[in-house]
Amino acid sequence: MNRVTRPIPELTGCSPERLPLADLLAGKQPRVLRGLVSEWGITRAGLRSDADAIDYLRSFYNGRVISASFGGPEIAGRLFYNEDFTQLNFASRRTRLDEVLEQIQRHLADERPPTMYVGSTVIDSCLPGFRQDNDLGLAGHGIDPPPAIWIGNRTIASCHYDAPNNIACCVVGRRRFTLFPPDQIFNLYPGPLDPTPGGQAISLVDFANPDLERFPAFRTALEAGMTAEVGPGDAVFIPSMWWHHVQGLSAFNTLVNYWWSTSPAYLPTPMHALYHAIWAVRDRPESEKRAWRDVFEYYVFGDGARAGAHLPAQARGLLGPIDENQARQIRAMLINKLNR
């Protein structure tokens, strides 16, 4: 079968008060957290009806303009590219959340509705008060990431990775999560770095109908993947850098997620280094690239203390531990060099 069948391991008996966050982070493996947010207000409203869930969301909306994505019925919810990958197959525009909710509600019974999608919208900015009865309370674990809300119909977030850890809480409707470890990047056929449907490169494989002649290595990814169907009240822990494909299975879906990094805030995204390395290293002769691979292994990917261990502490500079002050100096140095 051309689909992932191995289940994501599950934890039961979860709640915001009984969230084993330290164990999840230590294990670095995905987990389905059954019933984690089953007592949230939005979850209870959605279990009554889609109309109640929509009214519940409207009750908190402050009128602030948000960004939403719209596509025709022909894309079947798959936010993707045109045929030559030069443009996206949907349009994004600034609008009001209540107007998007009204449009979704109008098409709930359609067999092939137009695609409507509100992605990664910070809850505190547009739904003040929502968190009072809908929050994981992660501040009690020493972190306080601002939750984001995702609203739409049967939309598909094509397979991609995110640098932060993620707890994705399914509160209205059902979704199917399909996950792959980071090393499967070689078998998932990532698309362009720009443009992208949501900010990160996505797999070009159509999971509903994979073309294994065009993407033969996807067979290997299928063997490494894990999947789960989750319903209202369930959540999925997605470790940093794990690839995930998320399919909305219901006519109306709402998800709340929390992204956070365990790295210090003064460390920039490694994407900056990736772009720079593509520019500065990728197209050099193979012999030079092999040499630079060793250099990166010595300074970056190997033991962080090794490169400076033989130097006195006062002489280590960048080879010693990086703090916030040193991070500012590095940033200024790089800006100066790049502007020459």
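Within the option set Pro239, Pro216, being touching a Lys or Arg at 6+ places or on another chain (Cβ under 8 Å) and closer than 17 Å to Cys159 by Cα holds for one residue only, Pro239.
In region 279-306, how many are within 21 Å of Ser263 (Cα to Cα) and small (Gly, Ala, Ser)? Number satisfying all stated conditions: 3. Filter region 27-55 down to the residues that are among the small types (Gly, Ala, Ser) and over 21 Å from Phe177 (Cβ atoms) and list them by number. Hits for region 27-55 are Gly41, Ala45, Ser49, Ala51.
Do you know which residues across region 313-336 are touching a Gly at 6+ places or on another chain (Cβ under 6 Å) and in a loop (DSSP other than H, G, I, E, B)?
Kept after step one, since they are touching a Gly at 6+ places or on another chain (Cβ under 6 Å), are these residues of region 313-336: 316, 319-320.
If the condition is that a residue be touching a Gly at 6+ places or on another chain (Cβ under 6 Å) and in a loop (DSSP other than H, G, I, E, B), then Arg316, Gly320 are the ones that fit.
Looking across region 104-142, just one residue is more than 21 Å from the chain's Cα centre (by Cα), of a type in the set (Asp, Glu) and within 16 Å of Val171 (Cβ to Cβ), and that is Asp133. Just checking, does region 19-42 include any residue being in contact with a Leu (Cβ under 6 Å, 6 or more places away or on another chain), β-branched (Val, Ile, Thr) and assigned to a loop (DSSP other than H, G, I, E, B)? The answer is no; no qualifying residue exists. Residue selection: Gly71 satisfies the criterion of being free of Cβ contacts under 8 Å to residues at least 60 places away in the same chain, crowded, with 19+ Cβ neighbours inside 10 Å and over 26 Å from Ala163 (Cα atoms). Across region 89-107, the number of residues qualifying as touching a residue at least 40 places away in the same chain (Cβ under 8 Å) and over 15 Å from Thr155 (Cα atoms) comes to 2. Hey, can you tell me all the residues within region 283-312 that are among the charged types (D, E, K, R), part of a loop (DSSP other than H, G, I, E, B) and loosely packed, with under 10 Cβ neighbours inside 10 Å? The answer is Asp283, Asp303. Scoring Val4 on the criteria (1) outside the structural domain of Leu204 (by TED's automatic domain parsing); (2) within 29 Å of Ala139 (Cα to Cα) leaves a single failure, condition (2). Sub-6 Å Cβ pairs linking a first residue in region 292-321 that is not assigned by TED's automatic domain parsing to the domain that holds Ala280 to a second residue that is modelled with pLDDT under 95, at least 6 apart or interchain, number zero.
Here is a yes/no grid of residues against (1) basic (Lys, Arg); (2) in contact with a helix residue (DSSP H, G or I) (Cβ under 7 Å, 6 or more places away or on another chain); (3) in contact (Cβ under 8 Å) with a residue 60 or more places away in the chain:
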site: Phe177; (1), (2), (3): no, no, yes
site: Gln184; (1), (2), (3): no, yes, no
site: Asn187; (1), (2), (3): no, yes, no
site: Gln200; (1), (2), (3): no, no, no
site: Asp206; (1), (2), (3): no, no, yes
site: Leu212; (1), (2), (3): no, yes, yes
site: Phe215; (1), (2), (3): no, no, no
site: Ala228; (1), (2), (3): no, no, yes
site: Asp234; (1), (2), (3): no, no, yes
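Among the numbered conditions (1) buried (at least 17 other Cβ atoms within 10 Å of the Cβ); (2) under 30 Å from Ile8 (Cβ atoms), the only one that Leu47 does not meet is (1).
Among the residues of region 99-119, those identified as within 23 Å of Gly198 (Cβ to Cβ), surrounded by 14 or more Cβ atoms within 10 Å (Cβ to Cβ) and not hydrophobic (A, V, I, L, M, F, W, C) are Gln103, His107, Pro113, Pro114, Thr115, Tyr117, Gly119.
Consider Thr43 carefully, then state whether it is among the β-branched types (Val, Ile, Thr), without any contact (Cβ under 8 Å) to a residue 12 or more places away in the chain and at negative phi. No.
The values are calculated or read from the model by the stated rules, or taken from the named source; none is laboratory data. Just so you know, these numbers come straight off a predicted model, no measurement behind them. For neighbour counting, all protein chains shown are included, and Cβ atoms are generated from backbone atoms with ideal geometry for every residue, glycine included.
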